[in-house]
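Below: the structure, in structure tokens.
The values are calculated or read from the model by the stated rules, or taken from the named source; none is laboratory data. In this text, all values refer to a predicted model and were calculated from it rather than measured experimentally. Here the Cβ positions follow ideal geometry from the backbone for every residue, glycine too, while neighbour counts run over all protein chains shown. In case anyone asks, the SASA skips ligands and DNA or RNA and just uses the protein heavy atoms, side chains included. Shrake-Rupley method; radii C 1.70, N 1.55, O 1.52, S 1.80 Å.
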Amino acid sequence: MLPSIFSQKGASGFSWASTADQVTQGLTAAGLTAIVTGASSGIGAETARVLAARGAHVVMAARNVAAADSVRQAVLAATPAATLDVMELDLSSMASVRKFAADFNAKGLPLNILVNNAGLLATSFTLSKDGIEMQFATNHVGHFLLTHLLLETMKKTSCESNVEGRIVNVSSVGHRFTYQEGIRIDKINNEAEYSASGAYGQSKLANILHANELARKFKEEGVNITANSLHPGSIITNILRNHSIIDAVLHGSLGMLLLKNANQGAATTCYVALHPGAKGVSGKYFCDSNVYEASEKAKDVELAKKLWDLSIELTT
């Protein structure tokens, strides 16, 4: 039995304990197309399942195509009318991101919802194929480029359909534990000062700043698309696969009490992506399906602009 604090509802009417099924109950996503990255397991797979169950055409973007297809088959077995496609995407490779975006745009599909969910947690120092620190490359740069390459399709869709587009960046409370500078603009690849947790925090802070800067630009341009970020909660997922000791502890009795399951973990993502309570809300940070306070660094407008410039430089 959960302590009452976990079931205490916020302004949205939902709480820590709410599930993705609950926050989307009675809602329809019929006629909408969504892309969910990291859809082969964990909250990405659950987000794809719930959006598809509500009627969206879901494109499951995943590095592990076989695993994603297994999830797809399981969803179709439970919801035969669901529409899901699997497409390969390795966010640590800009070539893979560009191919994915080109292949998706070539399909001529609309795009209403983009869920930038995939993530890599606290590994030892490694460079991506493009020579960028791996966590920053996968968690931020890949998603930045993907979003950039899909924006014209999203703008066209929102304009022609008169339906608000939504971009959802899955961040983490870990953004609070970034390096002192927040984003090491000039030292992204500094191995000598590398900290696995600091690099993870930096990449998650980047997710928030990216969403905030998108929201600012959309407002300036008068574009009918929102961009928000969120902390899904501490969840029992494969993101802990590189931490055997932590994984063992968290899968024990203490972890089962304190951690959300995947359906609870996907709740905030699904709320921000689909719920009418998030309509018109942009540049905000969510937790437990409610607007929440991010760190001071996450509210730094100038840092967001510097990150944007760095991201453009890295991807061009």
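Structure data summary
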| quantity | calculated |
| --- | --- |
| For ASN212: the one exception among (1) polar (S, T, N, Q); (2) modelled with pLDDT of 95 or more; (3) over 16 Å from VAL115 (Cα atoms); (4) open to solvent by 20 Å² or more (accessible area, probe 1.4 Å) | (3) |
| Any hit, segment 26-34, residues being surrounded by 24 or more Cβ atoms within 10 Å (Cβ to Cβ), touching a residue at least 40 places away in the same chain (Cβ under 8 Å) and more than 26 Å from HIS140 (Cβ to Cβ) | no |
| In segment 273-284, residue farthest from LEU146 (Cα to Cα) [restricted to those that are outside any loop (DSSP other than H, G, I, E, B) and small (Gly, Ala, Ser)] | GLY277 |
| Single condition LEU258 does not satisfy, out of (1) at pLDDT below 95; (2) open to solvent by less than 30 Å² (accessible area, probe 1.4 Å) | (2) |
| Unique match (being in contact (Cβ under 8 Å) with a residue 60 or more places away in the chain, on the phi < 0 side of the Ramachandran plot and in contact with a Lys or Arg (Cβ under 6 Å, 6 or more places away or on another chain)) among SER93, SER171 | SER171 |
| Looking only at segment 285-316, and only at residues there that are small (Gly, Ala, Ser) and in a helix (DSSP H, G or I), the one that is farthest from GLY10 (Cα to Cα) | SER311 |
| Close pairs from segment 117-135: first touching a residue at least 12 places away in the same chain (Cβ under 8 Å) and closer than 18 Å to LYS187 by Cα, partner acidic (Asp, Glu) and surrounded by 19 or more Cβ atoms within 10 Å (Cβ to Cβ), Cβ under 8 Å, at least 6 apart | PHE125/GLU133; LEU127/GLU133 |
| Counted residues, segment 36-70 - those being of a type in the set (Gly, Ala, Ser), out of contact with any Lys or Arg (no Cβ under 9 Å at 6 or more places or on another chain), farther than 19 Å from PRO110 by Cα and open to solvent by 20 Å² or more (accessible area, probe 1.4 Å) | 5 |
| Cβ-Cβ under 9 Å pairs, at least 6 apart or on other chains, segment 281-296 side touching a residue at least 12 places away in the same chain (Cβ under 8 Å) and under 17 Å from PRO232 (Cβ atoms), far side open to solvent by 40 Å² or more (accessible area, probe 1.4 Å) and part of a strand (DSSP E or B) | LYS284/VAL291; LYS284/TYR292; TYR285/VAL291; TYR285/TYR292; PHE286/TYR292 |
| Scan of segment 84-98 for residues that are in contact with a Ser or Thr (Cβ under 9 Å, 6 or more places away or on another chain) and farther than 22 Å from THR123 by Cα, ordered by number | VAL86, GLU88 |
| Among the residues listed as HIS231, HIS140, the single one being closer than 21 Å to THR47 by Cβ and either free of Cβ contacts under 8 Å to residues at least 40 places away in the same chain or touching an Asp or Glu at 6+ places or on another chain (Cβ under 9 Å) (or both) | HIS231 |
| Residue in segment 104-115 that is open to solvent by 20 Å² or more (accessible area, probe 1.4 Å), within 29 Å of ILE188 (Cβ to Cβ) and in a helix (DSSP H, G or I) present | yes |
| Selection status of ASP300, under 21 Å from SER203 (Cβ atoms) and without any contact (Cβ under 8 Å) to a residue 12 or more places away in the chain | no |
| Single condition VAL141 does not satisfy, out of (1) under 19 Å from THR126 (Cβ atoms); (2) open to solvent by less than 50 Å² (accessible area, probe 1.4 Å); (3) in a loop (DSSP other than H, G, I, E, B); (4) of a type in the set (A, V, I, L, M, F, W, C) | (3) |
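Residues checked against (1) over 26 Å from THR153 (Cα atoms); (2) in contact with a strand residue (DSSP E or B) (Cβ under 7 Å, 6 or more places away or on another chain):
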site: ALA61; (1), (2): no, yes
site: ASN112; (1), (2): no, yes
site: ALA118; (1), (2): no, yes
site: LEU121; (1), (2): yes, no
site: THR126; (1), (2): yes, no
site: GLU133; (1), (2): yes, yes
